[in-house]
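Taking it in order: structure first as structure tokens, then the write-up.
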Amino acid sequence: MTFYQDKNVLLAVTGGVAAYKAAELTRLLIKAKANVKVVMTDAAQEFIPAKTLAVLSTHPVLTDASWQGAGSEVDHVRLAKWADLIVLAPLTANTLAKLALGLADNALTATIMASTARKIAVPAMNDAMWSNPAVQRNVDQLKKDDFDFIGPTSGFLAEGYEAKGRMVEPAEIVTAITDLAWDGFQDAIFEEKPLVGKKIVVTAGGTREPIDPVRYLTNKSSGKMGYALAEAARAAGATVTLVAATSRPVNPAIRVNLVGDTREMLAAVQKEMAVADVYIGAAAVSDFRVAEVSEHKVKKRGDEHMILDLVQNPDILKTVGEAKKPGQVVVGFAAETENLIENAQAKLVKKHADLIVANNVLEAGAGFNKDTNKVTLVTADQDPIRVAAKLKTEVAEDIIALVADLLTS
Ligand code: C5P
């Protein structure tokens, strides 16, 4: 079961140029198995036709033109009751202001006013508008009224320059909603909560190996996979500790231990594993560190070359695997560019792991800093399980379901 399965998501589209991205957002929400309906303002229809969103969502779109009383309940009340979650994307400064005031002067604002559903605002506007004190006042008001905000981010605006105001990309919205919607919603993911009473340690992000007081060596890891695993494990009932080298928003029920370099991560993990049932090593751990960290900032010298002497880091997964106690389950990742299954099977043995989550990082839809992943689950006793490309949050649920099986087998 996925986070969005059978969830009624109402997409409220207002009139900014980013409204054209509502098509992609609708498609991704449907792909994630949500039921999607759309309400839009007249201004939004100048950027994307209602028909496009009706076809993609497979439901009629509520607009001011179609808004009318029908039967015992008027349209906006019916739609408001139907929604489990309302996503306002893009949200313009104008509608933001109306909602902060509680106006209900069109189909969209009337629907939102009539709904008790969780509301997530995804603003998009010009950077000067976003930083306007009136807009910021309205944002503060909506936050007080329990709206959650995703973005805006900095990036290339329609005005032709880079600044803060850009709407978060649709795929990131889909992931960010699952990050945000921890209270109540996530609990529905695992109906039977197979990990109640279990302690799980997850590592996430890319370790940082210091060079001097201001520089370090790191990698492209975003931490998304590890954080998704921590969320899924919690949703399955586990007590979760996340040993993370990268900070991201996370369910407050998850204990986060932020670490810097590999040796720090190893020490934190070893401490946790004294009492934990499961280790999931999703972090991208640096294989090497700088042999001698400079006490002072390294200065430019006359010559063009700068040579860093590197020494090998401990292998956290292997260390945890070798120290595994009976009943503990150890899970590692394998980012490969060739011979995926063979390399994962070799890693399973070498690192004393029970499960290796293997992905080909050269494949589309997989790997670093993406919202989706395409993995193969390799264990000692079963045939490799190929999981179709999907959101990391969904991949995490599959991995956690398999971990629950391994714990009982
Ligand atoms: O050997 P390789 O780096 O491909 O293995 C990847 C797996 O091993 C990941 O689970 C990663 O977190 C873990 N690893 C580790 N310590 C290292 C290197 C990798 O725990 N020094």
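The values are calculated or read from the model by the stated rules, or taken from the named source; none is laboratory data. Predicted model, so just to flag it, every value in this text is computed and none were measured. We place every Cβ from the backbone using ideal geometry, glycine too, and count neighbours over all the protein chains shown. Heads up: the accessible areas ignore ligands, DNA and RNA and are worked out on the full protein's heavy atoms, side chains in. Shrake-Rupley method; radii C 1.70, N 1.55, O 1.52, S 1.80 Å.
At a glance:
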quantity	calculated
Selection within region 135-148 - outside any loop (DSSP other than H, G, I, E, B) and either open to solvent by 40 Å² or more (accessible area, probe 1.4 Å) or not assigned by TED's automatic domain parsing to the domain that holds Leu91 (or both)	Gln136, Arg137, Asp140, Gln141, Lys143, Lys144
Inter-residue pairs, beta-carbon under 6 Å, first more than 8 Å from the ligand (Cβ to nearest atom) and in region 330-344, second of a type in the set (Lys, Arg), 6+ apart	Val330/Lys324
Residue identified as within 16 Å of the ligand (Cβ to nearest atom), closer than 30 Å to Phe147 by Cβ and modelled with pLDDT of 95 or more among Ala244, Ala268, Ala228	Ala244
Residue check for Ala232: assigned to a helix (DSSP H, G or I) and buried (at least 20 other Cβ atoms within 10 Å of the Cβ)	yes
Subset of region 271-323 (residues that are more than 8 Å from the ligand (Cβ to nearest atom), part of a helix (DSSP H, G or I) and either touching a residue at least 60 places away in the same chain (Cβ under 8 Å) or among the acidic types (Asp, Glu) (or both))	Glu272, Met273, Glu322
Residue ID - farthest from Ala114 (Cα to Cα), chosen from residues in region 50-101 that are part of a loop (DSSP other than H, G, I, E, B) and open to solvent by less than 30 Å² (accessible area, probe 1.4 Å)	Thr92
Asp261 open to solvent by 50 Å² or more (accessible area, probe 1.4 Å) and within 16 Å of the ligand (Cβ to nearest atom)	no
For Gln45: the one exception among (1) part of a helix (DSSP H, G or I); (2) farther than 17 Å from Lys119 by Cα; (3) touching a helix residue (DSSP H, G or I) at 6+ places or on another chain (Cβ under 7 Å); (4) of a type outside the set (Ser, Thr, Tyr)	(3)
Qualifying positions in region 345-363 - closer than 17 Å to Pro384 by Cα and either open to solvent by less than 30 Å² (accessible area, probe 1.4 Å) or within 11 Å of the ligand (Cβ to nearest atom) (or both)	Ala346, Lys347, Leu348, Ala353, Leu355, Ile356, Val357, Ala358, Asn359
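One line per residue, one yes/no per condition, for (1) under 20 Å from Thr175 (Cα atoms); (2) out of contact with any Lys or Arg (no Cβ under 9 Å at 6 or more places or on another chain); (3) open to solvent by less than 30 Å² (accessible area, probe 1.4 Å):
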site	(1), (2), (3)
Val330	no, no, yes
Ala334	no, no, yes
Asp371	yes, no, yes
Pro384	no, yes, no
Leu402	no, yes, yes
